[in-house]
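See below for the structure under consideration.
Where a number appears in this text, it was derived from the coordinates with a stated rule and is not lab data. A quick note: this is a predicted structure, and the numbers were derived from the prediction, not measured. Reconstructed Cβ throughout: ideal geometry from the backbone, glycine too, with neighbour counts over all protein chains shown.
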Amino acid sequence: MIPQTAWTERKFEFNQPIGVFPITVERLRGTPIRLQAMLTNATDENLTQKVGDKWSLIEQVNHLCNCEEIWLGRVRDILDHKEIFERRTLKTDLQSEQIETLLKNFSAARHKLISLVENMDEQTASLTINHPRLQRPIRLMDTLFSTAEHDDHHLAKIRELVW
């Protein structure tokens with residue numbers, strides 16, 4: 001199996017055409033469903049099992065839940081025409097140890113994000129904001145693309161642990 005590149009080593013060009021926006025939104029819409037499908041047969045033991053110092057399944061899902069506040073905040077920052085993303089700290093505490101609760105929370109949080117972006121026009125999807133860590137402006141489209149990539153990164157990690 002090919003080892004997955006660490007998230008912190010990923011580089012993004014953010015040069016997708018705006019026509020990729022509907023595809024990106026569809027990827028984001030599908031993450032809760034894909035996550036649910038992956039974890040349907042996971043046992044309690046499997047959910048909490050750790051391999052070395054890597055996150056367990058439950059920690060992966062908690063991380064996805066905790067990130068939703070950041071993604072939603074970034075979109076709102078752009079829609080509010082802020083010059084730079086407001087600094088948000090990622091929560092590190094577990095939201096829950098019950099997978100059903102986590103899946104429900106993630107789905108509800110993602111629904112908020114999708115509701116905000118699903119009917120955007122090209123002009124709105126093209127709005128930019130300065131990204132402090134990347135030291136460059138990025139479009140709302142790019143923020144969502146990065147979120148979809150982050151989802152897929154963790155779904156691949158979860159798939160490794162489930163199988």
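Brief remarks follow.
- Cα shape, segment 27-146, gyration tensor, a/c 1.5 rule: prolate
- Placing one equal scatterer on every Cα of segment 66-116 and applying the Debye formula, the log10 ratio I(q)/I(0) at q = 0.21 Å⁻¹ is -0.80.
- Once C-alpha pairs closer than 8 Å and six or more residues apart are averaged by separation and normalised to the residue number of the chain, the relative contact order reads 34 percent.
- Between the C-alpha center of segment 50-122 and that of segment 126-153 there is a gap of 14 Å.
- For the chain, built as a Gaussian network whose Cα springs stay under 10 Å, the top-fluctuating residue of Arg87, Arg76, Arg29: Arg87
- Taking packing as the residue-averaged number of other Cβ atoms within 10 angstrom, the listed peptides 99-107, 16-24 run from highest to lowest as 99-107, 16-24.
- Two-site FRET efficiency, Val20 against Thr40, from Cβ-Cβ distance with R₀ of 35 Å, rounded to 0.05: 0.70
- Packing-based ranking, highest mean first, of 54-63, 35-44 given that Cβ atoms within 10 Å are counted: 54-63, 35-44
- Taking a span of 18 Å or more along the helix axis (Cα atoms) and a mean Kyte-Doolittle hydropathy of at least 0.0 as the rule, the DSSP H helices of the chain that qualify are 21-39, 57-79, 99-117.
- Candidates Val51, Ser126, Thr40 compared by Cα position along the dipole of the chain: farthest toward the positive end lies Ser126, with charges placed on Cβ.
- Loop-resident GluC sites (Glu not before Pro) (DSSP state other than H, G, I, E or B) in segment 1-44 with no more than 12 further Cβ atoms inside 10 Å of their Cβ: Glu13.
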